[in-house]
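Scroll down for the structure; my scribbles are underneath it.
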Amino acid sequence: MALTPKQYTELKNFRDLIAQTADRLRQAQSQGALSQAVGDCAPRWDDVDGDFAAVLRNVGSSVWQMPFTQVRPTVSAICDHLGGQLADIDQQLARG
């Protein structure tokens with residue numbers, strides 16, 4: 001079933017949010033950078049997926065409570081999950 005123009009735009013916007021979040025998280029190579037990335041990204045998720053926004057905020061607070069080397073695998077897992085979502089959305093967008 002083809003997407004309506006509105007559905008296509010909404011899906012594209014969601015895809016862009018996922019891609020931007022994953023990029024910011026992957027680029028964060030220090031506690032401060034990760035905290036800033038989460039602080040920038042989490043509010044954008046509040047109206048889209050409040051549960052995911054909460055996960056991001058939990059990661060952001062954890063970064064100061066434990067060594068960065070312990071937080072980084074969680075961030076990598078989140079990025080992998082987002083990458084899977086991107087692939088699914090790209091397929092949907094390609095089908096239009």
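Please treat every number below as a calculation from the coordinates, not as lab data. Note that the structure is a prediction, hence the values are computed from the model and not measured. All Cβ positions, glycine included, derive from the backbone under ideal geometry; neighbour counts span all protein chains shown.
Couple of notes before you dig in:
- Inter-site label distance for VAL48 and HIS81 at 7 Å from Cα along Cβ, in nm: 1.4
- Gyration tensor verdict on the chain (Cα atoms; rounded if a/c is under 1.5, prolate if a/b is larger than b/c, oblate otherwise): prolate
- For segment 81-86, 3J(HN,Hα) per residue [Karplus equation, 6.51 cos²θ - 1.76 cosθ + 1.60, θ = phi - 60°, Hz, x = Gly/Pro]: 4, 4, x, x, 5, 4
- Label zone of ALA19 (point 7 Å out along Cα→Cβ, amide N under 13 Å): in segment 61-90 this covers 83, 86-90.
- Given +1 at the Cβ of Lys and Arg, -1 at the Cβ of Asp and Glu and no other charges, the dipole of the chain around its Cα centre is 160 debye to the nearest 20.
- For segment 26-31, putting each phi into the Karplus relation 6.51 cos²θ - 1.76 cosθ + 1.60 with θ = phi - 60° gives couplings of 5, 6, 6, 10, 8, 4 Hz, in residue order, rounded to whole numbers and with x for Gly and Pro.
- For segment 1-52, a simple Cβ point-charge model (Lys and Arg +1, Asp and Glu -1, everything else neutral) yields a dipole of about 220 debye relative to the Cα centre.
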